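Undergrad: Would you mind keeping the following structure in view while I ask a few things?
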Protein chains: 2
Amino acid sequence: MGRRNDHSRQEIREMALQVAEKIVAKEGLQGLNARKIASAIGYSVGSLYIVFENLDDLILQVNARSLDQLYTVISKTEQQCRQPDACLLALGQAYLEFAMEQPQRWRTVFEYQRTKDAEIPSWYRKKIFRLFKLVEKPLLEFMPTLEPHLCAQTARALWGGVHGICILALTGRLEIVGADSVQNLMELLITNYLAGLKNVQGTPCTPEEGTTQECKA
Amino acid sequence: MGRRNDHSRQEIREMALQVAEKIVAKEGLQGLNARKIASAIGYSVGSLYIVFENLDDLILQVNARSLDQLYTVISKTEQQCRQPDACLLALGQAYLEFAMEQPQRWRTVFEYQRTKDAEIPSWYRKKIFRLFKLVEKPLLEFMPTLEPHLCAQTARALWGGVHGICILALTGRLEIVGADSVQNLMELLITNYLAGLKNVQGTPCTPEEGTTQECKA
């Protein structure tokens, strides 16, 4: 490692992020603090706060890199499938695998609470929306009549569900509740949801019970 | 509060659980330790370990009481609906409301990791299975041909999904990802899942793409 002042701001930033990523991957968010990062890269906490606004900013950058890695991993599934339903199952499986292989990084993305009043910057939101596009694309292929807003909401409802099954698997809860396997559950969820989407979108609006979203759209 | 030795084992146990519940509700699991509970009820940590095996046992008891409360709250929805699909939507809504009103207690049920090798006792599992019966019952009314094992798995897949949407709502993630509202998402998930269940169960097995669970059953 170089001496102090040997590095540009950009280099210090990169070194800090790499160290922070490793800490998060190993110990999760609770293991992360500015002093530990500064000490690991041989700079002072003050130097760290020249290149990052605050710890909140640094964690957001770490999470952004996790989102990028998640995107790289799960976007590869596009080449492994032809039918949109098979593509959505492959996406779910890849999402689960990422969560299982990088549990701490994955959980930090979802569990980190920004300091009060801190806005989520638009560049960060774009990374999330880019991920959802991977779900929306096969959804639209599966159901070409979905208008864009409903397609976006349909993708978010499905992925909220996939996410729930992943987190229950990750925390060992599926076994406790007597579920067969995480793959089975995920397949049940995605397959039934898709089959229903076709059914619900194809049936006329029934005002009773208020169970079809078409009635409310 | 009475003096030491004024209480029976059963009373000490009950006092400790009430205090522990309050701490969990306010501060979550990280606020809980044996010394704090003992001090609050005016007994020593040693006395606490006469009535509980260890802290792990105590936390399991606290979670069991949360599961009982959850059962009491969500089982009331049965009286508010007639059609099984409306009943499942009402269950989802009640589950969400419990999570929103008691976020720390709800999260502690799902996030607490027992010490390694600690088995989940059967009386605790029974409480979980009793909750799932509330989902299985309307599912079976909706789809009377579901055989018991598939019904159980179908309930767990759906509730894993509902759980995921709840946790994303609770941690403020739905807004970040551009979802309309938690109610909309939950309705999309449950409605499409149910409509698909009817569709998938009603169609013959197609070995291609492996997307129907019937082929694998």
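The values are calculated or read from the model by the stated rules, or taken from the named source; none is laboratory data. Predicted model, so just to flag it, every value in this text is computed and none were measured. Here the Cβ positions follow ideal geometry from the backbone for every residue, glycine too, while neighbour counts run over all protein chains shown. Each accessible area value is taken on the protein alone, full model and side chains, heavy atoms only, with ligands, DNA and RNA left out. Shrake-Rupley method; radii C 1.70, N 1.55, O 1.52, S 1.80 Å.
Undergrad: Nearest 0.05, what FRET efficiency do residue A:115 and residue A:26 give at R0 = 25 Å with Cβ-Cβ as r? Before the final figure, lay out the partial values.
TA: Numbers: r = 24 Å, r/R0 = 0.95.
Computed FRET efficiency for residue A:115 and residue A:26: 0.55.
Undergrad: Express in whole angstrom the spacing between the alpha-carbon centres of the stretch A:78-106 and the stretch A:32-49.
TA: Here the two parts' Cα centres lie 35 Å apart.
Undergrad: In Å and whole numbers, how far do the C-alpha atoms of the stretch A:65-203 stretch along each principal axis, longest first?
TA: Taking max minus min along each principal axis of the Cα atoms, the stretch A:65-203 gives 45, 39, 29 Å.
Undergrad: Would you mind checking the tilt of helix B:84-101 against the longest principal axis of the Cα atoms of chain B, expressed as 0 to 90 degrees and rounded to 10?
TA: 30
Undergrad: I'd like to know how the protein assembly as shown sits against the 2.2 N^0.38 Å rule of thumb: what's its Cα Rg over that expected value?
TA: Values: Rg = 23.9 Å, N = 434, 2.2 N^0.38 = 22.1 Å.
Computed over Cα atoms of the protein assembly as shown, the ratio equals 1.08.
Undergrad: Next question, about the same structure. Show that you can apply the helix-only estimate: for the protein assembly as shown, add -39,500 (n - 2.57) for every DSSP H stretch of four or more residues, divide by all residues, and state [θ] at 222 nm to the nearest 500.
TA: Values: 22 runs with 310 residues, N = 434.
Per the formula, -23000 deg cm²/dmol.
Undergrad: How far apart, in nm, are the 7 Å Cα→Cβ label points at residue A:8 and residue A:133?
TA: 2.9
Undergrad: At the nearest 100 Å², what buried accessible area, both sides summed, do you get for B and A when the probe is 1.4 Å?
TA: Numbers: alone 12750 and 12750 Å², together 20960 Å².
Between B and A, the summed buried area is about 4500 Å².
Undergrad: Then there is this: With a 1.4 Å probe and all protein chains left in place, how much accessible area per residue does the stretch B:7-52 have, in Å²?
TA: Details: 2420 Å² over 46 residues.
Accessible area per residue: 53 Å².
Undergrad: Still on this structure, I have one more. How large is the convex hull of the C-alpha atoms of the stretch A:1-52 per residue, in Å³?
TA: For the stretch A:1-52, the hull spanned by Cα atoms encloses 66 Å³ per residue.
Undergrad: Could you give the angle, 0 to 90 degrees to the nearest 10, between helix A:182-202's Cα long axis and the longest principal axis of the Cα atoms of chain A?
TA: Between the helix axis and the principal axis of chain A, the angle is about 50 degrees.
Undergrad: Return the carbon/sulfur percentage of the accessible area of the stretch A:1-110, one whole number, probe 1.4 Å, all protein chains in place.
TA: Details: 2620 of 5600 Å².
Carbon with sulfur: 47 percent of the solvent-accessible area.
Undergrad: Okay, moving on. Using a 1.4 angstrom probe and counting only protein chains, how large is the accessible area of residue A:36 in Å², to 10?
TA: Per-residue accessible area (residue A:36): approximately 70 Å².
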